[in-house]
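The values are calculated or read from the model by the stated rules, or taken from the named source; none is laboratory data. Since the structure is predicted, the reported quantities are computational estimates derived from the model, not experimental observations. Cβ atoms come from the backbone with ideal geometry, glycine included; neighbour counts cover every protein chain shown. For the accessible areas, the whole protein counts, side chains as well, though only heavy atoms, and no ligand, DNA or RNA atoms are used. Shrake-Rupley method; radii C 1.70, N 1.55, O 1.52, S 1.80 Å.
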Amino acid sequence: MKFKSPPVNSLSLDFITELCISLEKLENNRECRGVIVTSAVPNIFSSGLDITEMCGKSMEHYAEFWRAVQEMWLRLYGSNMVTVAAVNGSSPAGGCLIALSCDYRIMVQNPKFIIGLNEAQLGIVAPFWFKDTFVNTVGHRVAERSLQLGSLHSASEAHKFGLVDELVPEEKLQEKAVAVMAQWLALPDHARQLTKSMMRKAVLDRLVAHREEDIQNFVNFISKESIQKSLRMYMEMLKKKKS
Amino acid sequence: MKFKSPPVNSLSLDFITELCISLEKLENNRECRGVIVTSAVPNIFSSGLDITEMCGKSMEHYAEFWRAVQEMWLRLYGSNMVTVAAVNGSSPAGGCLIALSCDYRIMVQNPKFIIGLNEAQLGIVAPFWFKDTFVNTVGHRVAERSLQLGSLHSASEAHKFGLVDELVPEEKLQEKAVAVMAQWLALPDHARQLTKSMMRKAVLDRLVAHREEDIQNFVNFISKESIQKSLRMYMEMLKKKKS
Amino acid sequence: MKFKSPPVNSLSLDFITELCISLEKLENNRECRGVIVTSAVPNIFSSGLDITEMCGKSMEHYAEFWRAVQEMWLRLYGSNMVTVAAVNGSSPAGGCLIALSCDYRIMVQNPKFIIGLNEAQLGIVAPFWFKDTFVNTVGHRVAERSLQLGSLHSASEAHKFGLVDELVPEEKLQEKAVAVMAQWLALPDHARQLTKSMMRKAVLDRLVAHREEDIQNFVNFISKESIQKSLRMYMEMLKKKKS
């Protein structure tokens, strides 16, 4: 599965909806036992949630958007398939979440590529299930520090504390991802799936149990004037950076 | 305590029952404050649960066997004594669980010796309390990956991520285990026991609360024809390997 | 904030009460966004809870003392401010808890300085919320082993497993603490505080929910004759050491 939504694979409502539909199709296709997630856009895996979906829109739109983001995570983190993230570019915020939701993360060792949950830098807060996914991957202390600082880590740093499992040169990424997939597919599906579910169920169930409440929290938070102002400033900054 | 049930110290119902009785006696013996668990069989610590107990037997037998396995873990993980595993051979599946349930793990640095919870390789699933014990030792992420792949780790690898605490040459194992025991016994029993209980109680209580349900799950799972077939194939493979 | 209660900054009821009042004032002062905690006494950060408050006193006194200790932790671990511990000396037991409760720990790299939750060495048990704070920082396994052995770790060792975040030479400590504070203050307060609360709330809430029960446990435990005897012996030993 190759993300191709130039310029930066930002996770718009349309993009996420399409991603969810694709995941559902693959999940229901008995011939498909695994999926490699990567990017067709140079230097970027995914820039994360599309800020324009969270800025200057209606409460209904925010709610719809957030439900789609939840759906994406529930499908990916809870997938019965083997999921390998081949991270061939930077991967902040929601992009990092996609990588974290896979079974295995391989990242290109390029000093320019960064990854992390940097929400705090934008004045917003990663929801509890982003946090749970992060804690399950890197442990409580690393998550606490990284989330509070909104850190974006270099590939090397991310590898050091286990945010990614392996680093490879760009030209080896495809080959490595296929090899990892083969290794995971060598296991009997049934045993692997039950084991995966045992590891992830508590955290998945937590969102399922609090889904509407989480949407309401998001809508209330994001529609605050102070937050809207932060996001507008952030978008201005991005625009200036581009030009 | 030396496991001596050649050829591979497999955990049969008889073996486990005897182990539980021994642990109970030691626990009630006020002169015994600690126990070192090791193997009298060369190259193997314990090969894990005896597959013949899980294959071609009655539902009643499966239930009785599983209750014994639970009992072994409850006694060992919840022991008031200091428990040191002197792992002088390979230690897959249930053998690994015994090591994980001790307070400290010393393993012989021999490239041939492997350790891990490899249930998924056999098409079966480690129960939640194996998983909880594993997560408490190596953290969520390492456990998630290792359990899904059913990995058997070399002693060096196991040491790197904390599945064992220390590596020694074979001839130093006994001496080292005694030294570690002395270090742990230097603490006041009462404070050490309360602290140990504080660390392990949540996970122990979880099995106690769901014990009958866990037995039922095991019996239902293991008596499935597909699982029985996997186990028979695995035993065939072991037999061929031997001859 | 500089601890100055010679000879060893022991956490007496008066000291803790004053600390809580200071923290409350700073918390309510909108101009104060962060606090660096350090010691004005050479070679010691804080020696931990004052044993004289736990020895030969009334049940009422023990209860009052324990409530103050709880209050100190609730304020510090749950602070909305950025809290940096500049650990410029040894920091056993309650001293270690203060450091653990901050957002970031910098320790002077001096082979004589030690840090850890050594309660078990004194024949007492760290309460569950000391344990929760420790587990959130170093993970379950390191905490289990260190708490049971009542280990006091050198600065280097503490750094290796994440009990402290960074080591510096003594003359750089102040400068480094200020730099770290600046880094954390660069984040928008609101997002940082909500993120911090998300990470720590479960553990804080647990004490709040069981506060009276925890006081009762402490009073019952500490007033046992066997425990009182241990503490008297420990104080005798300290006196002899001094003279």
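Here is the figure for segment C:184-214: residues that are surrounded by fewer than 15 Cβ atoms within 10 Å (Cβ to Cβ) and among the basic types (Lys, Arg) total 2. Taking segment A:134-178 as the range and being within 30 Å of C:Val82 (Cβ to Cβ), part of a helix (DSSP H, G or I) and among the polar types (S, T, N, Q) as the test, the residues that pass are A:Asn136, A:Thr137, A:Ser146, A:Gln148, A:Ser156. Scanning segment B:197-214 for residues that are farther than 16 Å from B:Phe130 by Cβ, within 14 Å of chain C (Cβ to nearest Cβ) and of a type in the set (A, V, I, L, M, F, W, C) yields B:Met198, B:Met199.
Of the residues making up segment A:78-98, those that are within 16 Å of A:Glu166 (Cα to Cα) and open to solvent by 10 Å² or more (accessible area, probe 1.4 Å) are A:Asn88, A:Ser90. Please work out if B:Ser101 is of a type in the set (Ser, Thr, Tyr) and within 14 Å of another protein chain (Cβ to nearest Cβ). When the stated conditions are applied, B:Ser101 passes them. Among the conditions (1) under 26 Å from C:Ser146 (Cβ atoms); (2) open to solvent by 40 Å² or more (accessible area, probe 1.4 Å), B:Ala155 misses just one, which is (2). Among the candidates A:Gln148, A:Gln183, A:Gln174, the residue that is within 11 Å of chain B (Cβ to nearest Cβ) and polar (S, T, N, Q) is uniquely A:Gln183. Within segment A:184-213, the residues that satisfy the criterion of being under 22 Å from B:Arg141 (Cα atoms) and not in a helix (DSSP H, G or I) are A:Ala186, A:Leu187, A:Pro188. Determine if segment A:159-166 includes at least one residue that is buried (at least 24 other Cβ atoms within 10 Å of the Cβ), of a type outside the set (Val, Ile, Thr) and within 10 Å of another protein chain (Cβ to nearest Cβ). Scanning segment A:159-166, I find at least one residue that is buried (at least 24 other Cβ atoms within 10 Å of the Cβ), of a type outside the set (Val, Ile, Thr) and within 10 Å of another protein chain (Cβ to nearest Cβ), so the answer is yes.
Contact annotation: residue pairs with Cβ atoms under 7 Å, 6 or more positions apart or on different chains, pairing a residue in segment B:115-128 that is open to solvent by 20 Å² or more (accessible area, probe 1.4 Å) with a partner that is outside any helix (DSSP H, G or I) and among the small types (Gly, Ala, Ser), are B:Gln121/B:Gly150. Does at least one position in segment C:215-225 carry a residue that is open to solvent by 20 Å² or more (accessible area, probe 1.4 Å), closer than 28 Å to C:Thr38 by Cβ and either within 14 Å of chain A (Cβ to nearest Cβ) or in contact with a helix residue (DSSP H, G or I) (Cβ under 8 Å, 6 or more places away or on another chain) (or both)? No, segment C:215-225 contains no residue that is open to solvent by 20 Å² or more (accessible area, probe 1.4 Å), closer than 28 Å to C:Thr38 by Cβ and either within 14 Å of chain A (Cβ to nearest Cβ) or in contact with a helix residue (DSSP H, G or I) (Cβ under 8 Å, 6 or more places away or on another chain) (or both).
Matching residues to (1) open to solvent by 40 Å² or more (accessible area, probe 1.4 Å); (2) of a type in the set (A, V, I, L, M, F, W, C); (3) at pLDDT 95 or above:
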| site | (1), (2), (3) |
| --- | --- |
| C:Met1 | yes, yes, no |
| C:Ser58 | yes, no, yes |
| C:Ala63 | no, yes, yes |
| C:Leu100 | no, yes, yes |
| C:Met107 | no, yes, yes |
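Among the residues making up segment B:214-230, those that are assigned to a helix (DSSP H, G or I) and of a type outside the set (A, V, I, L, M) are B:Asp214, B:Gln216, B:Asn217, B:Phe218, B:Asn220, B:Phe221, B:Glu225, B:Ser226, B:Gln228, B:Lys229, B:Ser230.
One line per residue, one yes/no per condition, for (1) in contact with a Gly (Cβ under 7 Å, 6 or more places away or on another chain); (2) closer than 29 Å to B:Val168 by Cα; (3) aromatic (Phe, Trp, Tyr):
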site: B:Met1; (1), (2), (3): no, yes, no
site: B:Ile16; (1), (2), (3): no, yes, no
site: B:Arg33; (1), (2), (3): no, yes, no
site: B:Ser46; (1), (2), (3): yes, yes, no
site: B:Trp73; (1), (2), (3): no, yes, yes
site: B:Leu100; (1), (2), (3): no, yes, no
site: B:Val108; (1), (2), (3): no, yes, no
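Determine whether C:Ala143 is open to solvent by less than 10 Å² (accessible area, probe 1.4 Å) and closer than 20 Å to B:Leu194 by Cβ. For C:Ala143, the condition - open to solvent by less than 10 Å² (accessible area, probe 1.4 Å) and closer than 20 Å to B:Leu194 by Cβ - is met.
Looking only at segment A:74-98, filter to residues that are farther than 19 Å from A:Lys176 by Cβ and among the hydrophobic types (A, V, I, L, M, F, W, C); which one of those is nearest to the other protein chains (Cβ to nearest Cβ)? If we take residues in segment A:74-98 being farther than 19 Å from A:Lys176 by Cβ and among the hydrophobic types (A, V, I, L, M, F, W, C), then A:Ala93 is nearest to the other protein chains (Cβ to nearest Cβ).
In the set B:Met233, B:Met181, B:Met237, only one residue is surrounded by 14 or more Cβ atoms within 10 Å (Cβ to Cβ) and part of a helix (DSSP H, G or I); that residue is B:Met181. In segment B:108-144, what residues are in contact with a Ser or Thr (Cβ under 8 Å, 6 or more places away or on another chain), closer than 28 Å to C:Leu149 by Cβ and more than 11 Å from every other protein chain (Cβ to nearest Cβ)? Hits for segment B:108-144 are B:Gln109, B:Phe113, B:Ile115, B:Gly116.
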